[in-house]
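Reading through the structure tokens given below for one structure.
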Amino acid sequence: MDKLETEMNTYEGCGDDQTMVHEQPESAPAWYAMFMFPQEPQALYRATQEYAGYATSCPNTNFLKGVKWSPDGACLLTASDDNWLRLYDIPQDARVADCLRHPDLLLCEPDSETAEARTAEVFDKGDAADNLSPALRMHAGETVYDYCWYSRMSTTDAVSCCLASSSRGQPIHLWDACSGTIRCSYRGFNDVDEPTAAYSLAFSPDGGKLLGGYNKSIYVFDVARPGRDYKRIVTHKRKQPESIAGIVSCIAFSPIGDVFAAGTYTGAVGVYDARTYELLLILTGNRGGLTQVMFSSDGNYLYTGARQDDQMFCWDVRSTYEAVYTMQRDTAKTNQRIQFDIEPCGKHLITGGCDGAVT
């Protein structure tokens, strides 16, 4: 998310022109119906005051670092500059909820009389500032490096309702998404046996493994065995040309879990065998440090995005070392992690940018 973005909106297509297509592509889940939006999506819910209330303790106006859907689509998880993780339950009436009348309304600055008068005028008409409140708040303690849902999370199974986070100077914590408490921790250590924090996280699709990205290494934790028991995968060695150097900044598994991709801040992407941890492929092309990698729903394509780089790359991991195509976005002048996502049918990719728009 852009550094100046301080509110979270949930969108859906509104209006009579919305068309539902009942035919789903083979790669889409059975429950998913592909939608066509002939007009711009409209905001349904917003959470602005929730983040502005903590802004006084943050030097950068408590900007959002990202929003992630739970695997079952029932919850949202956010991280922000105040070092809090917030979990939101999607209202059950979201499908029939009214669109916000003023989705772009931001809280006024304390010394801005004009903005304050405009805000009061709008609110007098019955528009509340927030209509989405967090169900849980979890304090991470320090700067949040990464966070992710348990891959098999379902609200119908309380045991599976959990998430992982990594913060500066702390081990990986596994949080209970029902109570907001820490269930257990996974500790990584560097070459001199000092505790070190993971920069990126990813659960395997079967939920049995938790991968953490470290400096020139990936640690593989058994989810059922917390503590410091892990397997270390060295991603870079001196005089070893076939390796990816630098901090492993992002990790993603293919949908079936046979391979995973790891990106580094040096701009390289490695594709690994998830069973033997052998490096299968090295992809280079992004000019900046990688901030996100993501597989298509069929596992044949890999999408990569980087900081200080206005291009996203699409790679065919089956047959080529060259990018299939690139996509443009306004991220050439920021070091922030600008997220992107792909809808389940695989037809559309959506990304943020520094221009204040979601593309």
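The values are calculated or read from the model by the stated rules, or taken from the named source; none is laboratory data. Only a predicted model underlies this, so the values are computations on that prediction, with no experimental measurement involved. Neighbour counts run over all protein chains shown; Cβ positions are idealised from the backbone, glycine included. When the accessible area is computed, the model is the full protein with side chains, heavy atoms only, and any ligands, DNA or RNA have been set aside. Shrake-Rupley method; radii C 1.70, N 1.55, O 1.52, S 1.80 Å.
Going by amide H atoms built from the backbone, whose H comes under 5 Å of the H on Ser243, apart from near neighbours?
none
Is the range 175-274 best put as rounded, prolate or oblate by its Cα gyration tensor, with a ≥ b ≥ c the root eigenvalues, rounded for a/c under 1.5, and otherwise prolate when a/b is larger than b/c, oblate when not? Provide the component values of the computation, followed by the final result.
Values: a/c = 2.07, a/b = 1.39, b/c = 1.49.
Note, shape of the range 175-274 comes out oblate.
What are the extents of the Cα atoms of the range 204-359 along their three principal axes, in Å, largest first?
44, 37, 33
Label Asp258 and Thr155 with points 7 Å out from Cα along Cα→Cβ: what is the distance between them in nm?
Here the modelled spin labels are 3.4 nm apart.
Quote the relative contact order of the range 291-359 in percent (integer), defining contacts as alpha-carbon pairs under 8 Å separated by 6+ residues. Don't jump to the answer; show the numbers that get you there.
Values: 133 pairs, mean separation 17.1, N = 69.
Worked out over the range 291-359, it gives 25 percent.
Using a 1.4 Å probe and counting only protein heavy atoms, arrange Tyr272, Tyr150 so the residue with the most accessible area comes first. It would help to have the intermediate numbers written out before the result.
Numbers: Tyr272 5, Tyr150 40 Å².
Most to least solvent-accessible, the answer reads Tyr150, Tyr272.
Which order do you get for Lys231, Lys68 if you rank them by accessible area with a 1.4 Å probe, largest at the top? Working shown, then result.
Details: Lys231 100, Lys68 55 Å².
Descending order: Lys231, Lys68.
Once amide H atoms are built 1.01 Å from N in the peptide plane, which residues 5 or more positions from Cys184, or in another chain, come under 5 Å H to H?
Leu174
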